[in-house]
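Take a look at the structure set out below.
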Amino acid sequence: MNPLRIPVTSIGEEGLTLDARVPVREVQPPDTRPVPMDEVRVAGFFQEMGGEFLFRGRLRGVYAQPCDRCLAEARVPLDAEVAWVYAERPDGVMAEISDEDDGLPEGEDGGAPAPPVGVILLAPKIWEELVLAAPLKMVCGESCRGLCPRCGANLNEGDCACSRTAEKETAETPESPLAALARLFPELANKKSEE
């Protein structure tokens, strides 16, 4: 059985246990930016509740990409608890209840295949969870010092020669760039002090 396409007839009165590893590329819609994850584990249980179907479970995986500060590998685990309720639409297609527009292709416009009748499609909900849980900034650790803006050395591995040069330059030129700018435009500095 395809873990992304669950026929409602396979759920039955006893329910249905699902535990599958799914490549993320199989749940990613076309023309969307990928998330930095190769595989997601979907584990949970389907049960029927008066014509509706509840899936309770967990999504687990690891977001992995270069650190935004130092370019070393950064890994952020995903462990999300999910609960999705599906019901049959008037056309027989199973859709998640909370969705006003489930985003499934209709088939008449553009020639996309019609959604299957009596089959729960998990891919849209899995993709939604992966996108919403994706970290905005990936860092290898909270204490990551990043790269030197001058020479590009990884500061997590120790100080570079630029830090000593910068200290020497600061001692020789005590005026900050903003002070130099204020000196060039004294009329702006005076207006600010009057306000």
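The values are calculated or read from the model by the stated rules, or taken from the named source; none is laboratory data. Predicted model, so just to flag it, every value in this text is computed and none were measured. Using ideal geometry, Cβ is built from the backbone for each residue, glycine included, and neighbour counts are taken over all protein chains shown. These accessible areas exclude ligands, DNA and RNA; they are computed on the full protein's heavy atoms, side chains included. Shrake-Rupley method; radii C 1.70, N 1.55, O 1.52, S 1.80 Å.
Data table
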read-out: With DNA, RNA and ligands ignored, accessible area of M49 (1.4 Å probe; Å², nearest 10); value: 80
read-out: Full-extension gain in nm, R150 to R56, via 0.36 nm per residue minus C-alpha separation; value: 28.8 nm
read-out: T17, T9, ranked by accessible area, largest first (probe 1.4 Å); value: T9, T17
read-out: Calculated FRET value between S143 and D91, using beta carbons and R₀ = 41 Å, to 0.05; value: 0.15
read-out: Label-point separation, V131 to E13 (7 Å along Cα→Cβ), nm; value: 4.0
read-out: Of all accessible heavy-atom area on the range 1-81, the percent that carbon and sulfur account for (1.4 Å); value: 46
